[in-house]
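Here, each number is a calculation from the coordinates, and none is a lab measurement. Here the structure is a predicted model, which is why all the values come from computation and not from measurement. Counting neighbours? That spans all protein chains shown, and the Cβs are built from the backbone with ideal geometry, glycine included.
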Amino acid sequence: MPSLSVAISHSPHILSPNSLARDTKTKKICQSQYRSFPLPLRSSIFRMGFVSCRGSKETSNTRIFTSVTDVLLDESAEEVQLPKGDTWSVHKFGGTCVASSERIKNVADLIVEDDSERKLVVVSAMSKVTDMMYDLIEKAQSRDDSYISALDAVLEKHRSTALDLLDGDELGSFLSQLHHDISNLKAMLRAIYIARHVTESFMDFVVGHGELWSAQMLSSVIRKKGMDSKWMDTREVLIVNPTSANQVDPDYLESEKRLEKWYHQNPSKIIIATGFIASTPQNIPTTLKRDGSDFSAAIMGALFRARQVTIWTDVDGVYSADPRKVSEAVILQTLSYQEAWEMSYFGANVLHPRTIIPVMRYNIPIKIRNIFNLSAPGTKICHPMVNEEDGQNGESLVKGFATIDNLALVNVEGTGMAGVPGTAHAIFGAVKDVGANVIMISQASSEHSVCFAVPEKEVNAVAEALKSRFRQALDAGRLSQVAVIPNCSILAAVGQKMASTPGVSASLFNALAKANINVRAIAQGCSEYNITVVVKREDCIKALKAVHSRFYLSRTTIAMGIIGPGLIGSTLLEQLRDQAAVLKEEFNIDLRVMGITGSRTMLLSDVGIELSRWRELQKEKGEVADLKKFAQHVHRNHLIPNTVLVDCTADSIVASHYYDWLRKGIHVITPNKKANSGPLNQYLKLRALQRQSYTHYFYEATVGAGLPIISTLRGLLETGDKILRIEGIFSGTLSYIFNNFIGKRAFSEVVAEAKQAGYTEPDPRDDLSGTDVARKVIILARESGLRLELSDIPIENLVPEPLRASASAEEFMQKLPQFDRDMAKNQQDAEDAGEVLRYVGVVDVVNVKGVVELRRYKKDHPFAQLSGSDNIIAFTTTRYKNQPLIVRGPGAGAEVTAGGVFSDILQLASYLGAPS
Ligand code: ADP
Ligand code: ASP
Ligand code: MG
């Protein structure tokens, strides 16, 4: 094992024939020097504790001897020129493509299958290996002894893969290389362990091994298939300069020179090159940073002037959004270079952001393809002109959405910034001094505030730097604050010219507003390819789904929670069950019941309850009802941007939650009258909230069941009509009773008949007392702008005074006939005057009052014409003065009430963007 004392005192250098021979004239001599006298020249490297001569592909002295033969061969190939151009294509295989021996074989098959062109194959480390390598360093650095067993796991993974793939010499030489590398790594890690520190170049050297091994294995497998293949340690060829922003810039000239030299020595139709790794001009190993193999492939594409660069991965192409976050994401057929760049910059990790620039230079198209699904054509990234020729320009306005998490916003605010030149310079100078990466910037044109996003982990340093830089301005009040808003995410919408096309950003913000997402900052690049918004982290996925569905799905997906599966609730569930498919297919409305709760049991689902068997499921999987948990479950379902709770109870406690739900962005739909007829101040608060937010509260079925009463009233008001009076028969029960209280029939007999037919509440006094009608009157009165309490409405109670305290409904029904006489007289008087009795509610808007009472109407009055349990409502307005506007129809019963609720749900869907 190399001695530790020196292991960390030098930067790792790569020594290669090329680094020794800067020009062709001296090359031969230098090469032979290198090969013949390896030890003196390599001594510094040996002291480093690792072996560098990957260029020779061999490491031990015996192999160095073998390399001399290579040199001889190379000499004979001296005249081989690198044939650049479109006889080459570049293929990059991501970690998942080479995750196992099976997959590596598969990749090899794909490579050899078509020998019509030369291939430069860039290969990533086997899946997870780079993470494992970083983890080794982390462990060693923090003195966690398990780095040793973790390194063993790395060895074992590659050893067993090689055993599966290779045999004979190829296996032998790979394994000896592998063991050699591992023992060097062990020494380096031990040094890191002792020093508790790792330099960047040590780290880059260690983590790059995954690529070295996968490239060698793949190359061997191809040779085993009888094809010539060379593997390339790209640290010998790719020269990059580190930049301040933790990135590297390729040195194309130097890399091209080195490539030509490399090719002279290793001419081959199939080159397997390591992704991710490169060298600095000083030959210090470095990397192209995480996921950098895509970038390697693009640089190679440019160096070879290849026909095309194909990025093979595990998805069918670039999706309109991260498919792990948006299951409805669709594959994009084409993307322009700029679009692809913006998508990748803003977090679509299917492509490394730096991949575009090198290929764009030479107009080399990139294809993203799925190695596991060769039938999928993939996504083509190329110049937009080509897109236009493809005739796909029409669909290219908004292409995709991407997100970046773990950000914080910094807001520098103050009146002293306006018109003061150099403020932005000072701000970003301070940010640069702490080395933070600014991801987006937004400045209001009033110049009152500059707001920008930085990675969360850098925000404290940034805030401190700004506070100290602007100490004076802050003290003097020219700047009012340097505020940090933590826990933010960026959502970027990307598309050719979208930002300059009217309506696109409106739709985007509309979709966000509808999903009740608060936008904290906005930036629109003048590139016109991108609109970026900052949202709270917890809203990010919801925001992504909301905007994605707005542009891609046109299917409005709503998560629903049904509260109170009683008569109305269960009827609604049946209606939903019967309509779901049609709504989805014909109207693109996807209603998913994520929970049903009664007062004792609730049933929750993450994907949507199967409505044909919700009762069975409730029995099997029901849990103890908990309204708070229920609301949270339905709402927190991040898969679906919109949530509605449908309250089918008549409970005032459930109604007392509406405010809170609406505030959280949960839409509320209900036939429950309690909220709107409860205390006035609570009602006003609720309505005010509804108006301020984009959260909807619909309650059409509270009056007249499914009849369009509230919507008619709203329509009149919104179009500028003035309501003078609303008068109507609002109770289906009382409508039935008085429609049938004719001739010689006793009142109690008709009530009994109504009860029998199921028209009344279990205790008919609940209907006869008139409170229910009064609640409807108050709802309409408030809707018309009157500020009345329920107690302001005089109610004629039809329950005879002595029976109001009766213990039970039965007792009441039994005693009711004793009072028939009074009602019979009433009826007779009316009859004698050519009139009928009707129990009505009246909203007298002009005089700001309401009343519920038994009235007499002429026999030709529309109210006298009713039959069954119909409701009838007459609106007298400025426009409908002589002839009131009348709405009439069945106004009670589970079917029509549930129908009314259902129509509110569809109304909600259309407000949320469903097509009409
Ligand atoms: P590889 O190892 O092949 O480089 P990556 O994991 O780096 O693969 O990139 C592919 C992954 O990128 C996909 O599996 C997918 O989950 C993710 N991804 C994120 N955003 C997108 C997007 N918009 N389109 C396609 N894939 C995406
Ligand atoms: N293996 C490297 C990484 O995981 C590079 C790559 O796969 O693109 O970051
Ligand atoms: Mg990748």
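Remind me, relative contact order of the chain in percent, using alpha carbon pairs under 8 angstrom and six or more residues apart?
8 percent
How would 829, 844 line up from fewest to most surrounding beta-carbon atoms within 10 angstrom?
The order, fewest Cβ neighbours first, is 829, 844.
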Discussion item. What aspartates and glutamates does residue 545 reach when the alpha-carbon gap must be under 17 Å and sequence neighbours fewer than 8 apart in one chain are set aside?
Written reply: 322, 328, 405, 590, 606
Worksheet entry | the chain - Rg (one decimal) and Dmax (whole number), Cα, Å | 38.3, 131
Response to the item:
The relative contact order of the range 92-228, taking Cα pairs under 8 Å that sit 6 or more residues apart, comes to a percentage of 36 percent
Worksheet entry | Karplus 3J(HN,Hα) series, Hz, for the range 589-595 with 6.51 cos²θ - 1.76 cosθ + 1.60 (x for Gly, Pro) | 10, 10, 9, 10, 7, 8, x
Response to the item:
In degrees rounded to 10, the 0-90 angle between helix 567-587 Cα long axis and the longest Cα principal axis of the chain is 50 degrees
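Using 0.36 nm per residue of separation minus the Cα-Cα distance, give me the extension gain between residue 581 and residue 467 in nm, one decimal.
Full extension from residue 581 to residue 467 adds 35.2 nm.
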Fill in: Packing rank of 717-724, 731-738, 285-292, 345-352, where each peptide gets the mean count of other beta carbons within 10 Å, highest leading
731-738, 285-292, 345-352, 717-724
Worksheet item: Going down the list 367/497; 685/755; 325/664; 457/514; 744/776, which pairs span over 28 Å between their C-alpha atoms?
Response: 685/755; 457/514; 744/776
Worksheet item: Ordered by residue, what ³J(HN,Hα) values in Hz, to whole numbers, does the range 749-759 give under the Karplus form 6.51 cos²θ - 1.76 cosθ + 1.60, where θ = phi - 60° and Gly and Pro are x?
Response: 5, 5, 4, 4, 5, 5, 5, 4, 6, x, 7
Item to complete: Give 128/261; 139/186; 84/225 a once-over and call out the pairs whose C-alpha atoms are over 23 Å from each other.
Response: 128/261; 84/225
Worksheet item: At what distance in nm do the modelled label points of residue 717 and residue 808 sit from each other, each positioned 7 Å from its Cα along Cα→Cβ?
Response: 4.4 nm
Worksheet item: Hey, what angle do you get for helix 129-141 against the long axis of the chain, alpha-carbon based, 0 to 90 degrees rounded to 10?
Response: 80 degrees
Worksheet entry | Among 434, 189, 750 - extreme Cα towards positive end, dipole of the chain, charges at beta-carbon | 434
Worksheet item: Across the range 787-876, how large is the tail of the calculated P(r) beyond 18 Å, expressed as a percent of all Cα pairs?
Response: 60 percent
Fill in: In sequence order, calculated HN-Hα J values of the range 274-288 (Karplus, 6.51, -1.76, 1.60; Hz; x Gly/Pro)
6, x, 6, 9, 7, 10, 7, x, 8, 6, 8, x, 8, 10, 8
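Calculated from DSSP H runs of 4 or more alone, at -39500 (n - 2.57) each and per residue, what is the 222 nm mean residue ellipticity of the chain, nearest 500?
-12500 deg cm²/dmol
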Practice prompt. Please list, in chain and number order, the residues 5+ apart from residue 91 or on another chain whose amide H is under 5 Å from its amide H, with Hs placed from the backbone.
Written response: 120, 121, 122, 310
Practice prompt. Report relative contact order for the range 271-373 in percent, whole number only (criteria: Cα-Cα under 8 Å, sequence separation at least 6).
Written response: 33 percent
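How much length is gained if the chain between residue 878 and residue 653 is pulled fully straight, taking 0.36 nm per residue apart and subtracting their Cα-Cα distance, in nm to one decimal?
Length difference between fully extended and current span is 77.1 nm.
What does the charge add up to near residue 535, with Lys and Arg as +1, Asp and Glu as -1, over the other residues with Cβ less than 13 Å from its Cβ? Walk me through the intermediate numbers first.
Details: positive: 520, 536, 537, 542, 545; negative: 405, 538, 539.
Local net charge: +2.
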Practice prompt. Just add up the charged neighbours of residue 99: K/R +1, D/E -1, any other residue whose Cβ is under 11 Å from the Cβ of residue 99.
Written response: +1
